[in-house]
Amino acid sequence: MNPTVVIIEDEKPAARRLERMLNTEGINVIKTLHSVAKAKEWFGENEQPELIFLDIQLSDGLSFEIFEQVEINSSIIFTTAYDQYALKAFKLNSIDYLLKPIEESSLQKAIDKYQHFKPQQKVVSPSIQIDQIKQLLSSANTNYKERFAVKIGQHIRSIKTQDAVCFYSDNKASFIYTNTERSYPIDFSLEQLEELLDPEVFHRISRKFFININSITDIVAYSNSRLKIKLDKFQQEEIIVSRERVKDFKTWLG
């Protein structure tokens, strides 16, 4: 008998795709939730499903926060983009996981595994598993900010960090410039971004700019031993690596 399922996923297209895939397998998705706050509210008022497909990083925080307020007894399959350490973390805790984008064959294997082991499962405190996973995530130094909430008029939009060409400051405000060739104000200083951005991908090349290594189209020698950076789709002003940062910048590139 197929389980009742709840999906917790903040990317609505991904949630709809997963629901369609589950429906094809004859599995009933009784609810799709898009945030930590909504999940806490729903689980506090409704009977728990047999199985939860749970994204790790939601727009308003880590999904682990749900377990801090609500005792969850459902089986869990995590959906994650954390391919560098997911295998270690989830196998250690006997929790299945699916790497995004989810493939139909991987989903089928996860469901088959759930169906096979469910009759043998013993009640295990989710809090123990979650604490262990959180420790692993922290020690792996991969808990960098994946999204930024920006205000557009009266609306709030979530922008993926990977879509940022650069971050910059202007008139004491900070902005994210995206691959859609638009700038949006953000509520973080460049100093705060140093702790939030993955240093493998983003580097602060001056007092004014953080740049995405994947957006660099050219690097040119500039006056006074400085470097001039050209970024894909960014034409607003010159981006110069200050002389005192050139050495660190070259090391980062290497």
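For K40, indicate whether it is in a helix (DSSP H, G or I) and either at pLDDT below 90 or not basic (K, R) (or both).
Numbers: in a helix (DSSP H, G or I): yes; either at pLDDT below 90 or not basic (K, R) (or both): no.
It is false that K40 is in a helix (DSSP H, G or I) and either at pLDDT below 90 or not basic (K, R) (or both).
Among the charged types (D, E, K, R) and farther than 27 Å from Y144 by Cα, is that true of E65? Full working, then the answer.
Details: among the charged types (D, E, K, R): yes; farther than 27 Å from Y144 by Cα: no.
Criteria not met by E65.
Please count how many residues of the stretch 167-223 are in contact with a strand residue (DSSP E or B) (Cβ under 7 Å, 6 or more places away or on another chain) and of a type in the set (D, E).
Total satisfying the criteria: 2.
Conditions tested, residue by residue: (1) at pLDDT below 90; (2) at positive phi.
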{"site": "P3", "(1), (2)": "yes, no"}
{"site": "N23", "(1), (2)": "no, no"}
{"site": "G26", "(1), (2)": "no, yes"}
{"site": "D60", "(1), (2)": "yes, no"}
{"site": "I76", "(1), (2)": "yes, no"}
{"site": "I102", "(1), (2)": "yes, no"}
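When only residues in the stretch 176-193 that are farther than 10 Å from A164 by Cα and among the aromatic types (F, W, Y) count, which is nearest to the chain's Cα centre (by Cα)?
F188
Of L107, L137, which residue is at pLDDT below 60, out of contact with any Cys (no Cβ under 6 Å at 6 or more places or on another chain) and surrounded by 12 or more Cβ atoms within 10 Å (Cβ to Cβ)?
Result of the check over L107, L137: L137.
For residues that are without any contact (Cβ under 8 Å) to a residue 24 or more places away in the chain and buried (at least 16 other Cβ atoms within 10 Å of the Cβ), tally how many sit in the stretch 197-225.
1
Can you list the strands (runs of 3 or more DSSP E) lying wholly within the stretch 201-241 that have 1 or more residues being within 19 Å of S169 (Cβ to Cβ)?
Working: elements: 202-204, 209-212, 216-222, 226-231, 239-241.
In the stretch 201-241, 202-204, 209-212, 226-231, 239-241 are the strands (runs of 3 or more DSSP E) which contain 1 or more residues that are within 19 Å of S169 (Cβ to Cβ).
The values are calculated or read from the model by the stated rules, or taken from the named source; none is laboratory data. Source: prediction; values computed, not measured. Every residue, glycine as well, gets a Cβ built from its backbone with ideal geometry; the counts of neighbours run over all protein chains shown.
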